[in-house]
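So the structure is just underneath, and the comments pick up after that.
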Amino acid sequence: MSTKTQQKSKQWDIHDYDHTLDLIHIRAKKELSKRNLTLFQDYDKSMVRIPLAKATRIKHLSTLLTETKMLNKDWKDALRSDIDDVVYKIMETYSDEKGQESNTSFDMKKILRIFYRWMKTGNRNKNPHEIDPYEIQGITLRRVKDKIAREDLLNDDDLERLLKSCGDNARDRAFIDVHTEAGTRPGETLSLRIKDVKTDEHGIIINVIGKTYARPVRLIRSVPNLLAYIRNHPNKNEPEAPLWIMIDSDDYGKPMSYHGARAMILRRVKNAKMSKRVYLNLFRHSEATKTANFLTEAQMRKRHGWTADSKMPARYVHLVDSDVESAIFDHYGIAKKEELKPDIPIKCHICEMYNDPDSKICSKCGKILDLKTALENEEKIVEERQNLKKEVDDLKENLASMVKQKIEEYNKNFLVELEKMYDKENKLLVKRLDLMDKEFCNNYSK
């Protein structure tokens, strides 16, 4: 097998794009007229020819199916009034609660203009020297107001509740912790391989393959949970293996898909009894807003994979109001509460294993992690030794007393027995003497 074939065989589709494209084309064959179906298929081929990403193709084709249903006729027969009706239905259905532009209505009108321009002129993009087809002239795209609010973002308490809801599930704990700290796109997190995780003296660096460029992302807080997960990973010795795998019995070891990750997050949110709407991209929004407090715009672009002309940094910087509050507090002489320092994993000086911030004993080698605990442990050992010495001394004293008592008792008993023996022998001697006297007297009288 060639190197190229081997590399391709190791790829996996976390979004299952191929299957989604197949379903879209099956749906098109069922719903579209013959003329619209031919147009639909030709439009898809034009996107492949450019080429556009499968995700973009799916978005355009699924939107086109919806808009074709709204049109309710062949596209080549559409009039200006028909296109206006489609735009009207888009805004009625997909605008926000105030009737203003939403991300969905913006994208649908944009795709409508691109498709119709392609159908009429063969070009997707507007030629600055030509005017757009009459039917789509006047379709305006309004700037969508940012709906992200600080109270909608995930905070430290939310993270703790999510991690706690994972229980002993090392994969879920690691995924949530890493995805929160890294602030990566869902696809970037899910596409990580074993080889993309590199440890160093400061923690871990994950090598992220983004939609703009590859970049390293530093991890610190989530290191203990990630290492704990990798230690028990069934393919930890295979560099090309997916980092995040399915752990269900039927699909065990397979790469975790976008839908699988989304289902897992929703399950953990439910277990944690959280009322916030939590979705995979919210972790990125939350991390970007948090790091906007201390990273420069250039650093934010590098960490999050934004291009030089991206307007994304401004989207998060405006949510950071700490500098405004500080100025107001200073003006009125209000002392601001001292902010808590983030929990930093503790690195074992013996085996270099990273442990949870509140750990006292290394989870790998069992050695003590901090000086305070070492001193407390030493004092405990000294106290235990002193108590043991006292117990031994008391035992020796008691034993000596018992021996002395036994000896005294033995000596006393020995003297008593000796006196008894003396009395007995004395009586026998007296008796023998009496007999000898009698015998002598008898002999003498004769």
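The values are calculated or read from the model by the stated rules, or taken from the named source; none is laboratory data. The structure displayed is predicted, hence computed values, not measured ones. Backbone-built Cβ (ideal geometry, glycine too); neighbour counts: all protein chains shown.
Got at least one residue in the stretch 219-239 being closer than 28 Å to residue 156 by Cβ, of a type in the set (Gly, Ala, Ser) and modelled with pLDDT under 90?
Within the stretch 219-239, not a single residue is closer than 28 Å to residue 156 by Cβ, of a type in the set (Gly, Ala, Ser) and modelled with pLDDT under 90.
Being in contact (Cβ under 8 Å) with a residue 12 or more places away in the chain and assigned by TED's automatic domain parsing to the domain that holds residue 266 narrows it down to one residue among 167, 210; which is it?
That would be 210, the only listed residue that is in contact (Cβ under 8 Å) with a residue 12 or more places away in the chain and assigned by TED's automatic domain parsing to the domain that holds residue 266.
Look at residue 334 and say whether it is at pLDDT below 70, among the hydrophobic types (A, V, I, L, M, F, W, C) and not in a helix (DSSP H, G or I).
no
Output the residues belonging to the stretch 144-180 that are of a type outside the set (Val, Ile, Thr) and touching an Asp or Glu at 6+ places or on another chain (Cβ under 7 Å).
163, 166
Select from the stretch 197-212 the residues that are under 17 Å from residue 304 (Cβ atoms) and crowded, with 19+ Cβ neighbours inside 10 Å and list them in ascending order.
206, 208
Got a sec? Which of 215, 150 is in contact with a strand residue (DSSP E or B) (Cβ under 6 Å, 6 or more places away or on another chain) and within 20 Å of residue 304 (Cβ to Cβ)?
215
So which of 167, 183, 187 ends up being at positive phi and either surrounded by fewer than 20 Cβ atoms within 10 Å (Cβ to Cβ) or among the basic types (Lys, Arg) (or both)?
Being at positive phi and either surrounded by fewer than 20 Cβ atoms within 10 Å (Cβ to Cβ) or among the basic types (Lys, Arg) (or both) holds for just one of 167, 183, 187, which is 167.
For the stretch 230-239, state whether one or more residues are surrounded by 12 or more Cβ atoms within 10 Å (Cβ to Cβ), touching a residue at least 12 places away in the same chain (Cβ under 8 Å), among the polar types (S, T, N, Q) and closer than 30 Å to residue 150 by Cβ.
Within the stretch 230-239, not a single residue is surrounded by 12 or more Cβ atoms within 10 Å (Cβ to Cβ), touching a residue at least 12 places away in the same chain (Cβ under 8 Å), among the polar types (S, T, N, Q) and closer than 30 Å to residue 150 by Cβ.
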